[in-house]
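**Student:** Pasting a structure below so you can have a look.
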Amino acid sequence: SENTRYYLNRLDQIAIPNYVPTNEDIVWSRRPTDSIIEEDIRVHGTSLVFIDVGGQTKERRKWCQIFNDMNSILFLVGSSHFDELYMDRVTGEYRNKLREAMAVFEGLINFESFRRVSIIIFFNKSDLLREKIEARRSGIRAHFSEFPANADEFNLVEVQKFLVESFASLVDPIVFSSTTEPTPTSSPMNQNRSSWFQRRSTESQQIKMRRSASLNANYSRRTTSLDRVPRKRTIYRHFTTAVDRKNIQMVFNAMQDTILQNNLRRLMMN
């Protein structure tokens, strides 16, 4: 694995009798999560609770039972795993790591309790993805036949675009009755709910004042229709390198801003 390579390259330093691990050494000494861990971090007076769920199949059935009043889902996937396999402990079958991550993501993100939370995907190990592509050791098309025929599988930008679009396609839209929700834009971040309610209020007053048949008919069609309108769910994504402290700090700041903005939006809606 990549951490084994890191330590082998540092054997001379590690073998020194008075060796003290550096921050980077500690970061590289990661281990798989085999339980559910909760961490409470305070940022600018706001409490952010992170719940780290186990990566093992046996843990997944517990995920939906422990999330109460959750605001965001942070999903981590190894972007360089497109050509890597793992053995399922239960069936003994070998499976593609990236496809398995997609299956887990699809089942989790479309669970009824999670349909209104913000979605943040971290495509981790972007440094290893770059290495694989630049070395041309393995092409993604051999493992993902749906990779566009007119795209270059050894172009980092095009591979990253494919990864983002593949995960985004797994997210079901939210379906609302048009009697209670406006027809949404493609991005809820650009949608101003307060402006919408203000427009509706103004329109309602105009209808009452003018008694215009055309306006009344238009308003009636909009408020009494039982058609169900799908709303596209926004996905925030970041390509990360977990062992790059500057990269993680930048991503954490962006993630923090996203979560706080979504919390504010929810308060305004209530």
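What follows draws every value from the coordinates through simple rules; no lab data is involved. The model shown is predicted, which means the values in this text are computed figures rather than measured ones. Because the Cβ atoms are built from the backbone with ideal geometry, glycine has one as well, and the counts that use them run over all protein chains shown.
**Student:** Suppose the chain between Gln256 and Arg89 were pulled fully straight at 0.36 nm per residue; how much longer would it get relative to their current alpha carbon spacing?
**Tutor:** Numbers: separation 167, 0.36 × 167 = 60.12 nm, distance 3.56 nm.
So the chain would gain 56.6 nm between Gln256 and Arg89.
**Student:** Still on this structure, I have one more. I need the calculated FRET efficiency for the pair Glu39 and Glu146, taking r as the beta carbon distance and R₀ as 41 Å, to the nearest 0.05.
**Tutor:** With a Förster radius of 41 Å, E is 0.65.
**Student:** Multiply the residue gap between Ala15 and Phe50 by 0.36 nm, knock off their C-alpha separation, and tell me the result in nm, one decimal place.
**Tutor:** Working it through step by step, the gained length comes to 9.0 nm.
**Student:** Here's a follow-up. Would you please give the FRET efficiency between Ala168 and Ile26, computed as 1/(1 + (r/R0)^6) with r the Cβ-Cβ distance and R0 = 45 Å, to the nearest 0.05?
**Tutor:** Efficiency computed from Cβ-Cβ geometry: 0.85.
**Student:** Another question, then. Give me the Å³ per residue figure for the convex hull around the C-alpha atoms of the range 84-181.
**Tutor:** On the way: hull volume 14.4 nm³, N = 98.
Convex hull of Cα atoms, per residue: 147 Å³.
**Student:** Counting only residues 5 or more places away or on other chains, whose amide H sits under 5 Å from the amide H of Leu76 once H atoms are built in the peptide plane?
**Tutor:** Distant-sequence amide H within range of Leu76: Phe122.
**Student:** Separate question: Which order, highest average first, do 153-161, 13-21 follow once you tally other Cβ atoms within 10 Å for each residue and take the mean per peptide? If you can, show how the numbers build up before the last one.
**Tutor:** Numbers: 153-161: 16.0, 13-21: 8.8.
Put in order of decreasing packing, that is 153-161, 13-21.
**Student:** Go through 108-116, 122-130, 94-102 and give me the packing order, highest mean Cβ count within 10 Å leading.
**Tutor:** Taking the mean over residues of other Cβ atoms within 10 Å, the ranking is 122-130, 94-102, 108-116.
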